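Visitor: Mind looking over this structure? Questions follow.
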Amino acid sequence: MRQLKTVVSLILLVCVVSTAAMAQATLKQIIKKGEIRVGITGNQPPFAMKAKTGDYIGYEIDLATMLAESMSVKLTLVPMEFHNLIPALEDGKVDIVMSGMTITPERNMRVAFVGPYMISGKSILTKSKLLSRSQSTEDVNQNPNMRVAVLEGSTSEAFAKSYMTNADIQPTSSYDEAIKMLRDDVVKAVVADYPFTLVSSLKYGHEGIVSLSEPLTLEPIGAALPQEDALFLNLVQNYMNSLQLAGILDELNKKWLENGMWLLQVE
């Protein structure tokens, strides 16, 4: 019995030591390599998009740049399709995800979140005057046989499937594809996060594309991190808190959500 207890104690000690080592793995690797890899889609205005120069710009690009500078490491942006972001984080292909990601219980069971640094919500981008006056999900669902584009794997897709039961939901691999379908009249609406629909209405307003004046839901947007690294999580949360206290998040909201001058930098 004493031998069994000794063996169990040794196993528990090894597990604790291993867990402690894993808990700091991401942060240690970032510092060791002098590089932080940030997962983005790269096509989600105003969070991240390509400028005419070929460089990525956006709300979260600014956040990622300042984070890398505060850690004195190189910033490497890793673009991919939205539904691949969390698997890439879990597989260690990226160190953090900043891509307009809504914090949900389902995602929080897989990864840790820092934030929120923005409060968003589901909204609609459309050419329809009737849809543009919608104020609730009931108003939206009054339109039978409506074709709607959503980003595959996003909370917008889940929202549309739950509350727009009369609609024909069309998942897309990118927001660019969804916008093209709307501009070409393949779909009647795009369901997406409010900041995206707001910016898109500024960009394509001359084509009659409009966004709801208010989002249909309220949702927190944050950065996703590996769940086992408490020290990295603590570092990034302190960084976000500092940005908020310094008023920098307010400045970013004005720059990317209200001003619109950055639209001159993109295609």
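Visitor: Could you give the accessible area per residue of segment 42-102, probe 1.4 Å, as a whole number in Å²?
Guide: Numbers: 2260 Å² over 61 residues.
Roughly 37 Å² per residue, with all protein chains present.
Visitor: Hey, another quick one. How much accessible area does Ser200 have with a 1.4 Å probe, in Å² rounded to the nearest 10?
Guide: 10 Å²
Visitor: Ignoring any ligand, DNA or RNA, what whole percent of the accessible area of the chain comes from carbon and sulfur when the probe is 1.4 angstrom? Could you put the intermediate results ahead of the total?
Guide: Values: 7330 of 13470 Å².
Solvent-exposed carbon and sulfur of the chain make up 54 percent of the total.
Visitor: In bins 5 Å wide, starting from 0, what share of all Cα pairs of segment 61-184 does each bin hold, as a percent?
Guide: 2, 9, 16, 19, 19, 13, 10, 7, 3, 1, 0
Visitor: Then there is this: Where a ≥ b ≥ c are the square roots of the eigenvalues of the C-alpha gyration tensor, would you call segment 118-189 rounded, which needs a/c under 1.5, or, failing that, prolate if a/b is larger than b/c, or oblate?
Guide: Numbers: a/c = 1.35, a/b = 1.11, b/c = 1.22.
Rounded, since a/c falls under 1.5.
Visitor: Tell me which residues come under 5 Å, amide H to amide H, from Asp229 once H is placed; ignore anything under 5 positions away on its chain.
Guide: Here the answer is none, since no amide H 5 or more places off falls under 5 Å of that of Asp229.
Visitor: Return the label of the correct value of Rg and Dmax of the Cα atoms in Å, as calculated from the structure shown, out of (i) 21.0, 80; (ii) 18.3, 61; (iii) 19.8, 62.
Guide: Among (i) 21.0, 80; (ii) 18.3, 61; (iii) 19.8, 62, the one calculated here is (i).
Visitor: Here's another thing I want to ask about it. Binning at 10 Å from 0, report for segment 156-267 what percent of all alpha-carbon pair distances ends up in each bin.
Guide: 11, 33, 32, 21, 4
Visitor: Only Cα pairs within less than 10 Å get springs; with that Gaussian network setup on the chain, which residue of Asp193, Asp229, Asp184 has the largest fluctuation?
Guide: Asp184
Visitor: Then there's this: Counting only DSSP beta bridges with both residues in segment 97-242, tell me the antiparallel percent, nearest 5. Could the numbers behind the result be given before it?
Guide: Values: 16 of 23 bridges.
Within segment 97-242, antiparallel bridges account for around 70 percent of the total.
Visitor: Under a point spin-label approximation (7 Å from Cα along Cα-to-Cβ), what is the Asn253-Ala51 distance to one decimal in nm?
Guide: 2.4 nm
Visitor: Using a cut-off of 19 Å between alpha-carbon atoms, which aspartates and glutamates can reach Lys28, once sequence neighbours fewer than 8 places away in the same chain are excluded?
Guide: Qualifying aspartates and glutamates at Cα under 19 Å: Glu69, Glu90, Asp91, Asp95, Glu228, Asp229.
Visitor: Who wins for biggest fluctuation among Ser123, Ser201, Ser162 in a Gaussian network model of the chain, springs between alpha carbons below 10 Å?
Guide: Ser162
Visitor: What accessible area per residue comes out for segment 121-267, rounded to a whole number of Å², with a 1.4 Å probe?
Guide: On the way: 7250 Å² over 147 residues.
Ligands and nucleic acids excluded, the figure is 49 Å² per residue.
Visitor: Have a look at segment 194-255 and give its Rg and Dmax from the Cα atoms, expressed in angstrom.
Guide: Cα-based Rg and Dmax for segment 194-255 come out at 16.4, 48 Å.
Visitor: For a quick check, take a GNM of the chain with Cα springs below 10 Å and name the residue from Thr217, Thr102, Thr126 with the largest mean-square fluctuation.
Guide: Thr217
The values are calculated or read from the model by the stated rules, or taken from the named source; none is laboratory data. What you see is a predicted model, and the numbers here were worked out from it, not measured in a lab. No Cβ is skipped: glycine too gets one built from the backbone with ideal geometry, and neighbour counts run over all protein chains shown. Surface areas here come from the heavy atoms of the whole protein model, side chains and all, with no ligands, DNA or RNA. Shrake-Rupley method; radii C 1.70, N 1.55, O 1.52, S 1.80 Å.
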